1. Calculate, in whole percent, how much of the Cα-Cα pair population of the stretch 133-201 lies beyond 21 Å.
2. Distance from a point 7 Å along Cα→Cβ of residue 178 to each backbone N in the stretch 118-137: keep the residues under 17 Å and list them by number.
3. Taking neighbour counts of Cβ atoms within 10 Å as a proxy for exposure, in what order, fewest first, do 71, 193 appear?
4. Starting from the Cα coordinates of the stretch 27-167, work out the convex hull volume and express it per residue in Å³.
Ligand SMILES: Cc1cc2nc3c(=O)[nH]c(=O)nc-3n(C[C@H](O)[C@H](O)[C@H](O)COP(=O)(O)O)c2cc1C
């Protein structure tokens, strides 16, 4: 398995509303698809560390600029790594790569898939919007039928507000490489211990 694999032609069928459905090949796949953006910064660094840490599991890693949303259908289990670039950027297709990707993802039926989220943020500069962007991904994948796994208690984080907290938990794993990079390894290890059994259950 290699980083940024070239896209294969997807085997897709669609229902009457145009939603893509699972093909048999996808149902049989047990590996993990790790999707990340943007490339070249903290998100990319963390995505590579996650891939390295999941040793005995097949993990394919993709930069979302190099694939189409249908690629998600090749995986029963997905990890999505994103960063929050502020509300203005998040709502502006040109500056936020995940925001530009989401409209295409809206047509993808994710029923039966498990999705775990990792969100990069900065709790010092943006204490009122800490890792907000994770919530947009959580909302969309759940709307499309996926089961969200890997929620995190906010106990060991310092922040004032976050849209990504619901019912007392972050919808995924927040990481702050800008201010507390020394905490990332332990946070990843703890989270992966929790999430890998959930992803492969
Ligand atoms: C313009 C801009 C806006 C940002 N807005 C937020 C924000 O609202 N909330 C947050 O937690 N982090 C915010 N951040 C911090 C980034 O999410 C953080 O630096 C992240 O690690 C960047 O990942 P990258 O290097 O892969 O782009 C912002 C950063 C920039 C440059």
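Since every read-out is calculated from the coordinates, none of them should be taken as a lab result. Remember, predicted model here, so these are calculated numbers, not experimental data. Glycine gets a Cβ as well: all are built from the backbone with ideal geometry, and neighbour counts include every protein chain shown.
1. Working: 634 of 2346 pairs.
It works out to 27 percent of all Cα pairs.
2. 119-135
3. Details: 71 20, 193 9.
Ranking 71, 193 by Cβ neighbours within 10 Å, fewest first, gives 193, 71.
4. Once divided by residue count, the hull of the stretch 27-167 is 114 Å³.
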